[in-house]
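Here is the structure we will look at.
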Amino acid sequence: MDINTLSALAEPNRLQIIELLREGPLTVGEIADRLNLRQPQASKHLKILSEAGLVEVRVDANRRIYRLRPEPLMEIDKWLESYRDMWDKQFDRLSDYLIHLKNQVEPRKPRRRNDEQ
């Protein structure tokens, strides 16, 4: 996994841009409007996202249209998978331990006379 990807996503505006682009391609102006940014600010963030490989740009006349590239996000997901496995094992052990504790603490109910027959 490329550290530049995480670094690019660490900034809140850039993360919001990624969220917007999940819905589909947008122009710089549309992104700036939706996030209440000035166009130069949006362009700066998009440049960083582009350098990190998270977005790609297509030029259409005088407009720049950005779309999300899923590959870097898939790499992050793959990297996180090892942590998911670790946490799943931890939660499984915790669950086993809690069941063990519950069985130790839970008093056994005495049998009633009618139950013995």
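Tabulated data
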item	result
Test: residue in segment 70-92 that is of a type in the set (Asp, Glu), over 30 Å from ARG22 (Cα atoms), surrounded by 10 or more Cβ atoms within 10 Å (Cβ to Cβ) and at pLDDT below 90	yes
Enumeration of residues in segment 16-32 that are in a helix (DSSP H, G or I) and surrounded by 14 or more Cβ atoms within 10 Å (Cβ to Cβ)	GLN16, ILE17, ILE18, LEU20, LEU21, VAL28, GLU30, ILE31, ALA32
Segment 33-68: number of residues that are in a loop (DSSP other than H, G, I, E, B) and touching a helix residue (DSSP H, G or I) at 6+ places or on another chain (Cβ under 9 Å)	5
Pick from segment 1-12, criterion in a helix (DSSP H, G or I) and under 15 Å from the mean Cα position of the chain (by Cα), ranking: surrounded by the most Cβ atoms within 10 Å (Cβ to Cβ)	ALA8
Residue in segment 33-56 that is surrounded by 14 or more Cβ atoms within 10 Å (Cβ to Cβ), in contact with a Leu (Cβ under 6 Å, 6 or more places away or on another chain) and touching a residue at least 60 places away in the same chain (Cβ under 8 Å) present	no
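The values are calculated or read from the model by the stated rules, or taken from the named source; none is laboratory data. The shown structure was predicted, so the numbers you read here are calculated from the model rather than taken from an experiment. So basically every Cβ, Gly included, is an ideal-geometry build from the backbone, and we count neighbours across all protein chains shown.
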